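Let me begin by presenting the structure, written as structure tokens, before commenting on it.
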Amino acid sequence: MLVVGLTGGIGSGKTVVSDHFATRLGVPVIDTDLIARELVEPGQPALAEIATEFGAECLDDRGHLDRVRLREQVFVNQVGRRRLEAILHPRIRAVARQRIAALKAPYCLLVIPLLAETGMTELVDRVLVVDTPEAEQIRRVIARDQINETQARRILAAQASRAQRLALADEVLENFGDLAKLALPIADLHRHYLRLAAERLL
Ligand code: ATP
């Protein structure tokens, strides 16, 4: 199956776009962020490894991952971040591969928000970048997440830049106009991916 990796910065519109592919065009969507969340549910081996590595204070009193505490530990230094990635990324890759293998469709979308940061490109055949100017990303996340501009800028600064993401793109979907205007370019991309998927079978 052709695997299209869908990425984009925070607030670029990945969810809006992947929902459109899924609900209007019937394309299967696998989201690596959701896989990551499942992997750290109570009882999962990855959660036990995180608690061993970063201390039991990363868990709340019900045994769930306390993301804020973990983030404090992990983002203070590169080493912590790498240790967390070493626990999660091989598992995310394995689950994503299993789920892709279980699908029956010409192509699927694999949503990898941090594709440019994590180098998970080996999971995908194509990279589709949802592209939005930074000023627009900031406006959207302030409106959606009720954070202030400084916080929004800090999150953007911690992510790959727009140019770094675009450098990985096979296809780019511009999402900085009216939402209703996405339908046509998405339909074009759908036809393009169906054609590529059919060519692989020849
Ligand atoms: P995150 O990385 O934070 O998960 P995302 O890339 O999945 O974000 P969305 O959640 O799809 O982004 O979009 C961010 C916000 O911007 C949402 O509230 C969405 O409704 C809005 N939005 C997305 N595209 C547009 C657009 N073209 N015009 C106006 N609002 C938009």
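The values are calculated or read from the model by the stated rules, or taken from the named source; none is laboratory data. Please read all numbers here as calculations on a predicted model, not as lab measurements. Positions of Cβ are generated from backbone atoms using ideal geometry, with glycine treated the same way; all protein chains shown enter the neighbour counts.
How many residues does the stretch 56-75 hold that are part of a loop (DSSP other than H, G, I, E, B) and over 19 Å from Thr118 (Cβ atoms)? Give the derivation first.
Initial filter on the stretch 56-75 (part of a loop (DSSP other than H, G, I, E, B)): 60-64, 66, 75.
Checking which are over 19 Å from Thr118 (Cβ atoms) leaves us with 60-64, 66.
Residues in the stretch 56-75 being part of a loop (DSSP other than H, G, I, E, B) and over 19 Å from Thr118 (Cβ atoms): 6 in total.
Residues to consider are Val129, Val95; find the one that is within 17 Å of the chain's Cα centre (by Cα) and farther than 30 Å from Leu47 by Cβ. If you could, list the steps in order and put the result at the bottom.
Numbers: Val95 fails: farther than 30 Å from Leu47 by Cβ.
Among Val129, Val95, only Val129 is within 17 Å of the chain's Cα centre (by Cα) and farther than 30 Å from Leu47 by Cβ.
Looking at Arg97, Arg24, Arg62, Arg37 in this structure, which one is loosely packed, with under 15 Cβ neighbours inside 10 Å and free of Cβ contacts under 8 Å to residues at least 12 places away in the same chain?
Details: Arg97 fails: free of Cβ contacts under 8 Å to residues at least 12 places away in the same chain; Arg24 fails: free of Cβ contacts under 8 Å to residues at least 12 places away in the same chain; Arg62 fails: free of Cβ contacts under 8 Å to residues at least 12 places away in the same chain.
Sole residue among the options that is loosely packed, with under 15 Cβ neighbours inside 10 Å and free of Cβ contacts under 8 Å to residues at least 12 places away in the same chain: Arg37.
Out of all the residues in the stretch 6-61, which are within 16 Å of the ligand (Cβ to nearest atom) and more than 20 Å from the chain's Cα centre (by Cα)?
Matches in the stretch 6-61: Arg24 only.
If a residue has to be part of a loop (DSSP other than H, G, I, E, B) and surrounded by fewer than 18 Cβ atoms within 10 Å (Cβ to Cβ) to count, how many in the stretch 1-19 make the cut?
Within the stretch 1-19, residues that are part of a loop (DSSP other than H, G, I, E, B) and surrounded by fewer than 18 Cβ atoms within 10 Å (Cβ to Cβ) number 1.
With the stretch 94-202 as the region, which strands (runs of 3 or more DSSP E) entirely inside it contain at least 3 residues that are within 16 Å of the ligand (Cβ to nearest atom) and in contact with a Lys or Arg (Cβ under 8 Å, 6 or more places away or on another chain)? Break it down into steps so the answer makes sense when it comes.
Details: elements: 107-111, 126-131, 171-174.
So the answer is 126-131.
Matching residues to (1) surrounded by fewer than 18 Cβ atoms within 10 Å (Cβ to Cβ); (2) at positive phi; (3) charged (D, E, K, R); (4) at pLDDT below 95:
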| position | (1), (2), (3), (4) |
| --- | --- |
| Pro133 | yes, no, no, no |
| Asp145 | yes, no, yes, yes |
| Asn148 | yes, no, no, yes |
| Gln151 | yes, no, no, yes |
| Leu166 | yes, no, no, no |
